[in-house]
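Heads up: the structure comes next, in structure tokens.
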Amino acid sequence: MPSKKTDFLNYICQTSPHPMGLEIERAEGATLYTTDGKSFLDFISGIGVANIGFTHPAVLEAVKKQAEKYLHVMVYGEHVLEPQVALAKKLVSLLPDVFEQVYFTNSGTEANEGALKLAKKYTGRKKLISFENSFHGDSQGSCAVTGREMYRKPFEPLLPGVSFLPFNDVNALDALNEEVAAVITEPIQGEGGMRVPDTAFLFKLRERCDARGALLIFDEVQTGFARTGKLFAMEHFGVTPDIVTMAKGMGGGMPLGGFAASKKIMATFSQNPPLSHVTTFGGHPVSCAAGRAGLEVILKEGLVEKAEADGQYITKQLRHLAGQNIGIREVRGKGLMIGLEVENADIAERCVQGAFERGVILGWTLHSDTVIRIMPPLILSKDEIGCGLNAIAEALGGSF
Ligand SMILES: Cc1ncc(COP(=O)(O)O)c(C=O)c1O
């Protein structure tokens, strides 16, 4: 088969000067197979999507079945679409009781856009608070609340009235006043370098939001769907937001996102004016059918518990490596959302490149070139875990 790499570089808008550029033939389980006969163990799950692995047969079956019945039939919220209703009902049954309804989108950034609009309209307030080193997506509202200036600056003016507070700093929360419509945060920062906040911080944040009448939005786009060893990361802390946003692992490999809230808050969108937040493709029936099948796989295969156990094992092994004086500064995270912080960017580059040469895909986090992202599919076998760990150890000059 002739290489498509030149056409890829010519015709596909390039978003980085150094794309990985693997020419994918197929993907299955935790592995990508390329057209030149190689295979790669994907230890970043296509950036947090392939929680149940690639091309899961249960998802394929659901996609085929739904595609044979109907694809798009109407814009969001008019007709009764069984795959949407079934997935929403299932999600509501699994989420804490305050979440009564779901609004489906196509992506994470759209989920955050919807959540921010919902909070502004519900509270009638204009200001928003987010945190330094957060990431919430690349459409203009989500970009406006993303906590890294270099990614906002070229696109300003963005949303007015957004303030950024230091993450995990209880004292900074005093800035939260009665003008604030919502505070948006990831319960565990992903692109900020896999940073797990103190439970006390999230508790205080909840308390301040309640005291000031602001809504709390948790962006669980990256942390959701069993990634951290709980179905949603909020469960680690016992703190429940007013709105939760999700995507990535939600569609079992198909494009799907959404946000959930109480009926009272969600009613905002159908009044004054009605149709104040609609979408043509959000909650596509095929994506929802895939999402439902993917969720069943997570539950039936015990992937929540497996992520917790495998995460503990991988973390322990990486901490063992950290004792070998090979440049590892810290290993942190929850479940299979792990950050390996090394002493400098050169070591990180050596690790990612060395693992790649050994057939294992790793990556950086967007806001930190010294934190290596370890986020493999949750269905990894023991052999695959060993293979990934050995590649990391060898690339860094360590051993088990
Ligand atoms: C926490 C978080 N929120 C939102 C997004 C944006 O999601 P999407 O790329 O589906 O728009 C991401 C993507 O990496 C993310 O990690």
D_trans [Stokes-Einstein, Kirkwood Rh over alpha-carbon pairs] for the chain, 25 °C, 0.890 mPa s, µm² s⁻¹ | 113
Would you be so kind as to identify which of Val331, Gln222, Ser270 lies farthest towards the positive end of the dipole of the chain, taking Lys and Arg as +1 and Asp and Glu as -1 on Cβ and the Cα centre as origin?
-> Ser270
Can you list the aspartates and glutamates whose alpha carbon sits under 18 Å from that of Lys300, skipping same-chain ones fewer than 8 residues off?
-> Glu61, Glu308, Asp310
Ellipsoid semi-axes in whole angstrom, largest first, where each is sqrt(5λ) of the Cα gyration tensor of region 2-55 = 22, 15, 9
Alpha-carbon centroid distance for the pair region 1-48 / region 183-237, whole angstrom = 32
Along the principal axes of its C-alpha atoms, what lengths does region 282-370 span, in descending order and rounded to whole Å?
-> 49, 27, 25
What ranking, highest mean first, results for peptides 170-178, 183-191 when packing means the other Cβ atoms within 10 Å averaged over each residue?
-> 183-191, 170-178
Distance cut-off 18 Å, percentage of C-alpha pairs in region 61-144 lying past it = 60
Charge dipole magnitude, Cβ of K and R +1, D and E -1 - the chain, Cα centre, debye nearest 20 | 660
Cα-Cα over 30 Å: which of Lys89/Lys120; Lys90/Lys306; Lys5/Lys230; Lys127/Lys263; Lys38/Lys64?
-> Lys5/Lys230
Formal net charge of residues neighbouring Lys117 (Cβ-Cβ distance under 13 Å; K, R +1; D, E -1) | +2
Cα convex hull of region 167-208: how many Å³ per residue?
-> 71
Once the mean of 1/r over all distinct C-alpha pairs in region 1-137 is inverted, the Kirkwood radius in Å reads 19.3
Which residue fluctuates the most in the chain, going by a Gaussian network model with Cα springs under 10 Å, if the choices are Gly359, Gly323, Gly192?
-> Gly323
Dividing the alpha-carbon radius of gyration of region 18-91 by 2.2 N^0.38 Å, where N counts its residues, gives 1.46
Collect residues whose amide H, placed 1.01 Å from N in the peptide plane, falls under 5 Å from the amide H of Gly363; neighbours closer than 5 in sequence don't count.
-> Arg373
What Rg and what Dmax come out for region 242-400 when only alpha-carbon atoms are used, in angstroms?
-> 19.9, 63
Restricting things to alpha carbons, find the Rg to Rh ratio for region 180-236 using the Kirkwood radius for Rh.
-> 0.98
Considering only DSSP beta bridges where both residues belong to the chain, give the percentage that are antiparallel (nearest 5).
-> 65
If unit charges are put on Cβ atoms (+1 for Lys and Arg, -1 for Asp and Glu) and the dipole of region 216-356 is taken about its Cα centre, the option from Asn344, Leu321, Phe232 lying farthest towards the positive end turns out to be Phe232
Mind checking the alpha-carbon convex hull of region 99-243 and giving the volume per residue in Å³?
-> 104
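Just so you know, all these numbers are worked out from the coordinates, no wet-lab data involved. These numbers come from a predicted model, not from an experiment. Cβ: placed from backbone, ideal geometry, glycine included. Neighbour counts: every protein chain shown.
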